[in-house]
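Participant: Submitted below is the structure of interest, expressed as structure tokens.
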Amino acid sequence: MASDQLEAISRTATKTERWRYDTPDTVSHIGSEALEQNQVQKLSDVFKDVPGVTFSNGPRAVAEKPNIRGLGGDRILITVDGARQNFNSGHKGRVFIETELLKAVDVLRGPGSAIYGSGAMAGVISMTTKDAADYLMPGEKFGVRVKAGYQDVNEDKLGTGILFGQSDFGGGLDYILSGTRRSSDDIKLGEDEILEDSASDTWAGLAKLNWTPTDNQRFTVSRQYSMDSGEVPAQADEITSATAVLTDRETEVTIDRLAYRYADPENAWLNFDAAVYNNAQTIREKRIGTNNPTVDVIDFNTRGLDLRNSTGVISEASPGQRLTYGVEYYQDEMESVKDGVSNRAFPDATAEFYGVYLQDEIELDSWVIIPGLRYDHYESESDQPQVTGVATSTKESQLSPKLGFIYKATQWMNLSFNYGQAFRAPSFQELYISGVHFGANNFEPNPNLKPEHLVHGIELGMRIRQQDMQTQGDRLDCRTSVYYNEYEDFIDSTVTAAATRAENIGEARIQGMELESNYYTPWIDAELNAAASVSFGEDLIDDEPLGNIPGHSLVLNAQKFLSGQDMSFGWRASFHRKQDRYNDNVIGAEETPGYSVHDVYLSWFPLLSGVDDMQVNFGIDNVFDKLYTPHLSSLPAPGRNIKVSMSMQF
């Protein structure tokens, strides 16, 4: 049986462990079972069954960017084991992760700045990497797991090896070492079209050590590494053409993290978490096929510290109350060179962010009340020479409140209300970019930009969780939500004959509805999942539709379990309505046709002597080889993809 999504415990919405059914925020959880079954090759594969989350700029993995409820780019906060992934620059992509390193992904849809600060306007994507405990069998001290896979849409060949173990040394140690090699050819699009210059090679690894000197303490040290290389256009979200600049691109990511946790069930006053990390990302592009084979290098580093504690407060008025308070500091730094000279299109700059936050989780008989407040201050500065008379630094402070309610209407139904405000600090390129844009048009810096704001984010929801409705053992989990968001000070580029400049010009409204539902019946040992999203956006300045809102969508996923054969199989159908709501005055804006895509999949868990665990997965994505282009993408999606993988553990 597939995992119960509302049963999942998540730390994403509140930074505390909380049952998602009793959380006012909308959080979806994608666990290891779904990641393995779907044989995810890139991040967009993770969210096939999640409403309100789409991806643009594909299908090259290095160019993909997520979109949550109509907002993308750095209006979405992305973390890996709590480490911020803040890189966002033009056509270079948004996040770079080898999905084989992941054991779970949570996505918060809605404002999160009251806990996370800048960037969490549309939501938060929180990724968690694997641990030894995910593989160790009872009584085992050591194990090995190997995996091989193949996907024919780009002849992707995958190999993964994992060593894991535990020891009683020093109270208790567990460790995991994982290495992945992935090699692929050009991507086949629908109807046998080929996307040239989309092949890639990836090396990735994870090393993680957990030390538990006592039952209440845990130290974690980890390093993640990935290197992706391949020939792609300089604008990796575009097709290769006679005028396109082709590059030999390397994307290298290293994330180092040290964390400490203290949690004593007998001490309600001290539940402490501390983490420090360094996230270093480097993009190297060597232009090929030109008379001037320049080399562009972008280094983007994020260093962060997060300290927080949760204190339980017990009183007659509130028998269950938990205060969470913390401080966060992080620094973004970008440096770039073009043939050894500073590249003004990617300005050398540094930004420092300081945040302090407080949250109160109040449990009453029929109510859950969660207020929160965060204060942020940031300072940004560019070391790059700018236009005479233009400042090279900026600083701002922001206050982000939230208030959430859960009303337990019945034993099987909760009603929710959530209100929040959020913000996004301007990026380095928006603040400090200069140099030639095209022809005689030049970029102009604008250090006077104000942060973008979600001034009102309102969400109403209903959650249903009921068992034994039609037959003994059946189960329904359902979550619906209606949201309304108003934004101010949107940052956009204004282009004249002479200059391109980022300005605070936008006010917008985005509203919509989402549904997540799962029904399991033991009568036929099967389940049906449904995910639906309806959204609308308006530009309040021009009184025109927002073109970045995806079309309405419905995803149905039916799965049949064959318990006696340790097997399951299923079918997924995704229906996407055309997006014909756009501003006619925007150059290049046009209708995105609707489309439907069908997938099938099968998982088998054979029992073999001498093998602790074995899993075989088979699937066909885009069964009918549909040629279609997702909204906000200039390139079609991959065509029919026959894929298979096998993993064995000893």
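Participant: Do you know which residues across segment 254-295 are under 18 Å from Ser336 (Cα atoms) and assigned to a strand (DSSP E or B)?
Facilitator: Once the filter is applied, which keeps residues that are under 18 Å from Ser336 (Cα atoms) and assigned to a strand (DSSP E or B), segment 254-295 yields Thr254, Asn279, Ala280, Gln281, Thr282, Ile283, Arg284, Glu285, Lys286, Arg287, Val295.
Participant: Out of segment 164-186, which residues are modelled with pLDDT of 95 or more, under 23 Å from Pro213 (Cβ atoms) and open to solvent by 60 Å² or more (accessible area, probe 1.4 Å)?
Facilitator: Within segment 164-186, Gln166, Tyr175, Leu177 qualify.
Participant: Related question: Which residue, of Ser634, Ser553, Ser596, Ser603, is under 28 Å from the mean Cα position of the chain (by Cα) and open to solvent by less than 20 Å² (accessible area, probe 1.4 Å)?
Facilitator: On inspection, the qualifying residue turns out to be Ser603.
Participant: Looking at segment 107-114, can you tell me whether even one residue there is crowded, with 22+ Cβ neighbours inside 10 Å, over 27 Å from Gln281 (Cβ atoms) and of a type in the set (A, V, I, L, M, F, W, C)?
Facilitator: yes
Participant: In segment 232-248, how many residues are touching a residue at least 60 places away in the same chain (Cβ under 8 Å) and either at positive phi or open to solvent by 40 Å² or more (accessible area, probe 1.4 Å) (or both)?
Facilitator: 3
Participant: Would you check which residues across segment 530-582 are in a loop (DSSP other than H, G, I, E, B), closer than 27 Å to Cys478 by Cα and either of a type in the set (Val, Ile, Thr) or free of Cβ contacts under 8 Å to residues at least 40 places away in the same chain (or both) and list them?
Facilitator: Ile549, His552, Arg577, Lys578
Participant: Still on this structure, I have one more. Do we have any residue at all in segment 132-155 that's part of a loop (DSSP other than H, G, I, E, B), touching a helix residue (DSSP H, G or I) at 6+ places or on another chain (Cβ under 7 Å), buried (at least 19 other Cβ atoms within 10 Å of the Cβ) and not small (Gly, Ala, Ser)?
Facilitator: no
This table checks each residue for (1) closer than 30 Å to Tyr432 by Cβ; (2) part of a strand (DSSP E or B); (3) open to solvent by less than 60 Å² (accessible area, probe 1.4 Å).
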residue	(1), (2), (3)
Val297	yes, yes, yes
Thr311	no, yes, yes
Arg322	no, yes, no
Ala345	yes, no, yes
Glu361	no, yes, yes
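Participant: List pairs: first residue in segment 408-426 and more than 20 Å from Ile370 (Cβ to Cβ) and open to solvent by 60 Å² or more (accessible area, probe 1.4 Å), second residue in a loop (DSSP other than H, G, I, E, B) and at pLDDT 95 or above anywhere in the structure, Cβ distance under 6 angstrom, at least six positions apart or on different chains.
Facilitator: From residues that are more than 20 Å from Ile370 (Cβ to Cβ) and open to solvent by 60 Å² or more (accessible area, probe 1.4 Å), there are no pairs.
Participant: With the requirement that a residue be surrounded by 22 or more Cβ atoms within 10 Å (Cβ to Cβ) and either under 30 Å from Val436 (Cβ atoms) or of a type in the set (D, E, K, R) (or both), what does segment 363-377 give you?
Facilitator: Hits for segment 363-377 are Arg374, Asp376.
Participant: Name the one entry in Glu36, Glu100 that is closer than 27 Å to Arg303 by Cα, assigned to a helix (DSSP H, G or I) and not β-branched (Val, Ile, Thr).
Facilitator: Unique residue meeting the criteria: Glu100.
The values are calculated or read from the model by the stated rules, or taken from the named source; none is laboratory data. Quick caveat: nothing in here was measured; it's all calculated off a predicted structure. Because the Cβ atoms are built from the backbone with ideal geometry, glycine has one as well, and the counts that use them run over all protein chains shown. We work out accessible area using only protein heavy atoms, side chains counted, and drop any ligands, DNA or RNA first. Shrake-Rupley method; radii C 1.70, N 1.55, O 1.52, S 1.80 Å.
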